[in-house]
Amino acid sequence: MRWCSFTTGQGGAARLGAVSAREESRVLDVGAWARSRDAEAPADLVDLIEASPAIQERVTDLVRSAPEDGLGWVRLDEVTFLAPVRSPNSLRDFLAFRDHVERGAKRRGTEVPEAWDRIPVYYKGNRRSIIGPGDDAPWPSYTSKLDYECEVAAVVGRGGRDVPAEEADDYVFGYTIMNDWSARDIQKDEMSCWLGPAKAKDFATTLGPWLVTPDEWSPEDDHEMTVTVDGKTWSRGTTAGRRWTFAEMLAWVSRDEDLWPTDVLGSGTFGGGCGLDLDTWIKPGQLVTIAVDGLGELASRVGPKP
C-alpha cells in the first residue's frame with residue numbers, strides 16, 4: 001500500500017490518501033470512499049500511523065475494496081502532496097553506508113572509526129522543520145554551501161522498547177524518500193568542536209511523496225537511488241549498499257529507550273549521494289530530484305540566498 005497525506009486547492013485540510021496500485025496518476029480520498037460505504041477512516045496519514053493495528057487493518061481492507069473506476073478517486077493534477085509525517089515524534093538520521101563514511105575519512109586524512117562497525121550511529125534532527133514534496137528548500141542565511149543527501153527513511157508504526165533486531169521490521173509502518181539538507185560549512189565548524197551536526201541540519205528535512213508499506217517494498221532489496229539537478233544526473237547508488245539494516249538501527253534506538261509511532265529513521269546517504277562527496281555544489285533556484293525505485297520521486301526547488 002502507498003499511503004499519503006494530501007490536500008486539494010489552497011489551504012485545505014490534510015486528507016488521508018492511497019496512491020493507485022495500478023498507476024500513480026490518481027489518489028483515493030480514503031475519507032470520501034469510507035463515507036460512501038457508511039464506514040469511518042482516520043482523517044490523515046498521521047492518524048492512521050498512530051491508530052491501533054486493528055484500525056490499520058480495517059482501513060487497509062477498505063481501501064483494497066475500492067474499485068479503480070469507483071468513487072473517491074482524485075486526479076494527480078488536483079492533488080498537493082504533503083510530507084507523510086509533518087511533525088514526527090522524533091527525527092534520527094544514521095550513517096549506514098560504508099562508502100560514504102570512507103569518503104569522509106579520506107577527506108579528513110584518517111581511517112573509518114572502529115566504533116562505526118560496532119554501533120549504528122546517528123544524530124537527532126529537528127522534528128519541527130519537516131517539509132514536503134514540492135516545497136522549496138530554504139537557503140539558511142548562515143551558509144554558503146547548501147547540500148542535499150539522498151536517503152530512505154523508515155517511519156515507525158508501533159511503540160516498543162528493547163526490540164530485538166529479528167522483530168524490528170514489524171515496527172515499521174512504511175518507507176519514504178528523505179532529503180537531508182545540509183549546511184556543509186557550518187557542519188564542518190560544529191563537528192570540529194566534537195558536537196553536532198545541529199544548525200547544519202536543523203533548518204529543513206524533506207520527506208515524501210508517500211509511505212510504502214513493508215509488504216510492498218523492502219530496503220534490503222537492490223533499489224536504485226538517483227539524484228538529478230536540473231535534469232542532469234549527479235548521484236547514483238543502491239539501497240543494498242548499507243552496512244546497517246533498518247532492523248539493526250531500530251533495535252539500537254529502542255535499547256533502554258521507547259519507540260513511538262511516527263518516529264523517523266533516516267538511512268544516511270551512499271558514497272557519492274551528496275554534493276560534498278562529489279565536491280560539486282548546488283545553486284539557488286536549481287531543482288533537486290531524488291528518485292528511489294518503488295518509492296517514487298521527491299523534487300525540491302532550492303530557494304534563493306537571503
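The values are calculated or read from the model by the stated rules, or taken from the named source; none is laboratory data. Quick caveat: nothing in here was measured; it's all calculated off a predicted structure. Note that we place each Cβ from the backbone using ideal geometry, even for glycine, and neighbour counts take in every protein chain shown.
Quick check on the stretch 107-121. Is at least one of its residues in contact (Cβ under 8 Å) with a residue 60 or more places away in the chain, in a strand (DSSP E or B), within 20 Å of Cys274 (Cβ to Cβ) and in the same structural domain as Trp252 (by TED's automatic domain parsing)? Within the stretch 107-121, none of the residues are in contact (Cβ under 8 Å) with a residue 60 or more places away in the chain, in a strand (DSSP E or B), within 20 Å of Cys274 (Cβ to Cβ) and in the same structural domain as Trp252 (by TED's automatic domain parsing).
Among the residues of the stretch 227-244, the ones that are of a type outside the set (Lys, Arg), surrounded by 18 or more Cβ atoms within 10 Å (Cβ to Cβ) and within 21 Å of Val101 (Cα to Cα) come to 6 in all. Taken over the stretch 122-151, the criterion of being modelled with pLDDT under 95 and part of a strand (DSSP E or B) is satisfied by no residue.
Condition check for Leu250 on (1) surrounded by fewer than 24 Cβ atoms within 10 Å (Cβ to Cβ); (2) of a type outside the set (D, E, K, R); (3) outside any loop (DSSP other than H, G, I, E, B): one failure, at (1).
The set of residues in the stretch 1-56 being in a helix (DSSP H, G or I) and closer than 27 Å to Leu259 by Cα consists of Leu45, Val46, Asp47, Leu48, Ile49, Glu50, Pro53, Ala54, Ile55, Gln56.
For the stretch 59-96, what are the residues that are of a type in the set (Lys, Arg), outside any loop (DSSP other than H, G, I, E, B) and surrounded by 16 or more Cβ atoms within 10 Å (Cβ to Cβ)? Passing the criteria: only Arg92. Looking only at residues in the stretch 170-189 that are surrounded by fewer than 17 Cβ atoms within 10 Å (Cβ to Cβ) and of a type in the set (Asp, Glu), the one that is farthest from Ile282 (Cα to Cα) is Asp170. Against the list (1) among the charged types (D, E, K, R); (2) within 23 Å of Phe203 (Cβ to Cβ); (3) not assigned by TED's automatic domain parsing to the domain that holds Ser192, the condition Asp147 fails is (3). Just so you know, in the stretch 190-237 the residues that are hydroxyl-bearing (Ser, Thr, Tyr) and in a strand (DSSP E or B) include one that is nearest to Ile282 (Cα to Cα), and it is Thr228.
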